[in-house]
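The next block holds one structure in the form of C-alpha cells; read it before the comments.
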C-alpha cells in the first residue's frame, strides 16, 4: 500500500511582525513559499522520492533573492558570500553537507551530490568547490549573488566586530535567514534539507547549524525529518534536530510533544531563538517556533496547502 505524501518548508524565523513587513513584501514572501512547497509536492505526487522533493523545494528558495540562501545569501566580513547546506535520507541515514562555499549556485545540490556520489558526508571551502566542478554543478559570478538590500545591511556592519543574523537597515531586528524542507514520499521514506548564507559580516569562516547533521538537519524513517532555522550556535549546542528524533525513539514522545520540549523548553532555557519544520512517517507536520514569526508553508496528507509568517 502506498504511503501518504506530505511536505513542509521554511524560509527563516525571527522578529517577523506585521509592523515590520509591508503587505507587498508579505505577498512576495507568501507567493515564493507557496511556489517552493508546490514544486516539492509535485515531485512527490508524481511518485518521486523524498530526497528529490526536499532538494527541489530548497533549490526554489535558493534561487529566490528574498531568502538568505543561494542567490539571496548575505555578505560576510570581506564582502563575499559563503554558503552552507545539508541533506539527509531517512531511509538509510545517508547524508551530505557542505560549508563555506563560494559561487555554487545551489549549495543543496552540492550536498546531495556529496551524499550520493562520494564516500564523505561533509566537505568545506575550496575542496568542496573543486568537488562541485568535478561533478558538473552550476557556478555563478559575484554579480548573480549581489543584492542591494543585503549590500546595505553589510555596509552598516562592515569594519566593525558586529555580525548580524539577517540584519534589517530600518530596524535592528533579528531574522534567522535559512531555508529548508522536510518530505514524506509514497514509499514511506523521509528526507530533510537545509541551506543558508549564514550571518551578515561573519568572520573567521563561521559555520552555523544548517550544514551540521543532527543540529540543523536530520531524517530517520523510524522517527522524523527535521530542518531548523535559528541562532545556529545554540542549535548546535542543543543538537536540536537529533534531540527531537531521540525523544521520539527512546522516550516514545509524539512528533508534537518532542518538538514542544525542544523548541519551547530546552532552547528557551538557553535563549536559543528560532524554529523548525518537522514531519513524521505518519505524515504529521509540526512547524514550531519560539520567535515572533517564521516563514513557513506545507502541503499535508490531504493535499491542503498552508502558508504563514506570523504566529
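For this structure, a couple of remarks:
- Where only DSSP H runs of four or more residues are counted, the chain gives -9500 deg cm²/dmol as its mean residue ellipticity at 222 nm, each run worth -39500 (n - 2.57).
- Each of the peptides 264-277, 237-250 was scored by the mean count of other Cβ atoms within 10 Å over its residues; in descending order, highest first, they stand as 237-250, 264-277.
- Across the stretch 16-121, Cα pairs under 8 Å and at least six residues apart give a relative contact order of 18 percent.
- The protection proxy used here, the mean number of other Cβ atoms lying within 10 Å of each residue, ranks peptides 142-149, 179-186 as follows, highest first: 179-186, 142-149.
- The stretch 245-291 - percent relative contact order, Cα under 8 Å, separation 6 or more: 34 percent
- Shape of the stretch 1-120, Cα gyration tensor, a/c cut at 1.5: oblate
- Cα gyration tensor shape for the stretch 6-310, rounded if a/c is under 1.5, else prolate or oblate: rounded
- For the chain, the relative contact order works out to 26 percent when only alpha carbon pairs closer than 8 Å and six or more residues apart are counted.
- Rough spin-label spacing in nm, given labels placed 7 Å along Cα→Cβ, for residue 268 and residue 30: 2.8 nm
- Working ranking of peptides 123-131, 212-220, 189-197, 5-13 by packing, defined as the average number of other Cβ atoms within 10 Å per residue, highest first, is 189-197, 5-13, 212-220, 123-131.
The numbers here are math on the coordinates, done by the rules we state, and not lab data. Source: prediction; values computed, not measured. All Cβ positions, even for glycine, are placed from backbone atoms using ideal geometry, and neighbour counts span all protein chains on display.
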